[in-house]
Amino acid sequence: MTTPVCTSASKAAAPATVTQTRTQNLRYPSFSSYMRARQPVLLRTARSLTGNPSDAEDLLQTALAKTYVAWERIEDHRALDGYVRRALLNTRTSQWRKRRVDEFACDELPEPDLVPTGGDPAEQQALRDAMWRAIMRLPARQRAMVVLRYYEDLSEVQTAEVLGVSVGTVKSAVSRALGKLREDAELCLVRS
């Protein structure tokens, strides 16, 4: 069984605790006004450091907490933005250093080399441009089927569903379009 120790002391202590909390909240009113005025600008800086809005908010909150702790030591309050930006940068650097990187050494690369090793990039771009010009010269229906089939990588059935035609229509139209592309004069010149 528990017995009350001193009820009058605990009742008297309660209002003092509330008063202490209120004075602690008003300890640095200049910090509160600074934070309200400069928070949008500092949040943009944090977003540029993290690239993620949620991480930026966390980063800014941490930097402002560090600034609040050091508020009495900051002599020149005209340079607060610089102080907070430095806190943002230092905090982000610390977070970056602490991050865990899971890298494992292996004999083979997990992804195939997507960039062809041979060929001039300018020639490849010229071929791509010529291909798009040739595709743009196709009739609208054939162009739509070629784009859906080969650039959007849809199956013949999916292409037929998107365009509202039969699968046979897609097959024959794509076949005719590919024949036209094979015979396109400009495309033949670029490929040679």
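Considering only the range 41-52, state which residues are part of a helix (DSSP H, G or I) and open to solvent by less than 70 Å² (accessible area, probe 1.4 Å). Working first, answer last.
Step one: of the range 41-52, the residues part of a helix (DSSP H, G or I) are 41-50.
The answer is 41, 42, 43, 45, 46, 49, 50.
Just need a number here: residues in the range 153-192 that are touching a residue at least 40 places away in the same chain (Cβ under 8 Å) and either surrounded by 14 or more Cβ atoms within 10 Å (Cβ to Cβ) or more than 21 Å from residue 126 (Cβ to Cβ) (or both).
So the count comes out to 5.
Checking the condition open to solvent by 90 Å² or more (accessible area, probe 1.4 Å), modelled with pLDDT of 90 or more, part of a helix (DSSP H, G or I) and of a type outside the set (D, E, K, R), which residue from 24, 61 passes? So that I can check it myself, show each step before the final result.
Values: 24 fails: modelled with pLDDT of 90 or more.
After ruling out the rest, the residue left standing is 61.
Per-residue answers, yes or no, for (1) of a type in the set (S, T, N, Q); (2) more than 35 Å from the chain's Cα centre (by Cα); (3) at pLDDT below 85:
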position: 103; (1), (2), (3): no, no, yes
position: 125; (1), (2), (3): yes, no, no
position: 158; (1), (2), (3): yes, no, no
position: 169; (1), (2), (3): yes, yes, no
position: 180; (1), (2), (3): no, yes, no
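The values are calculated or read from the model by the stated rules, or taken from the named source; none is laboratory data. Model, not experiment: these values are computed from the prediction. Using ideal geometry, Cβ is built from the backbone for each residue, glycine included, and neighbour counts are taken over all protein chains shown. Accessible surface areas use protein heavy atoms only, side chains included; no ligands, DNA or RNA. Shrake-Rupley method; radii C 1.70, N 1.55, O 1.52, S 1.80 Å.
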